[in-house]
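Down below is the structure, laid out as structure tokens.
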Amino acid sequence: MTTAKHSIGDLIQHKLFGYRGVIVDIDPCFQLTDEWYDMVARSRPPKNEPWYHVLVHQSTNSTYVAEQNLESDSRAEPIVHPMLNLFFSELRDGRYQNNEKVN
């Protein structure tokens, strides 16, 4: 199994589509259906490498992206997304910090 290159809270940019976002979850390998993969994953990225759940900047969408299609976004500018505060408390040193979970 491949180790993920990115972490939760990392700012990323999609290599093909250019959008920015923030990672909210990571799957060690592809976890959706073959039908979704056939319809959406047009570049046919590997299923056995990490896939990321990403909140898309200036959108209400989240997306599911293969590691090979992501690169770090070094701009360190905030992401605008309505669900951002559900996952993170602040942007610090170019990374979003996880909200503390309270039982």
Output for the range 14-103: GluC sites (Glu not before Pro) sitting in coil per DSSP, at most 15 other Cβ within 10 Å, listed by number, reads GLU100
Working note, the chain: Cα radius of gyration (Å, one decimal) and Dmax (Å, whole number) are 13.6, 41
The size of the Cβ-based charge dipole (Lys, Arg +1; Asp, Glu -1) of the range 11-98 about the Cα centre, to the nearest 20 debye, is 220
Sorted by chain and number, the residues with a modelled amide H under 5 Å from that of ASN61, at a separation of 5 or more or across chains, are VAL56
For the range 57-63, Karplus-derived ³J(HN,Hα) couplings (6.51, -1.76, 1.60; θ = phi - 60°; whole Hz; x for glycine and proline) come out as 4, 6, 8, 9, 8, 10, 9
Projecting the Cα atoms of TYR37, GLY18, PRO50 onto the charge dipole of the chain, where Lys and Arg contribute +1 and Asp and Glu -1 at Cβ, the residue farthest towards the positive end is GLY18
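No lab work stands behind these numbers, since they all come straight from the coordinates. Keep in mind that what you see is a predicted model, and the values were worked out from it rather than measured. When we count neighbours, we look across all protein chains shown, and the Cβ atoms used for this are built from the backbone with ideal geometry, even at glycine.
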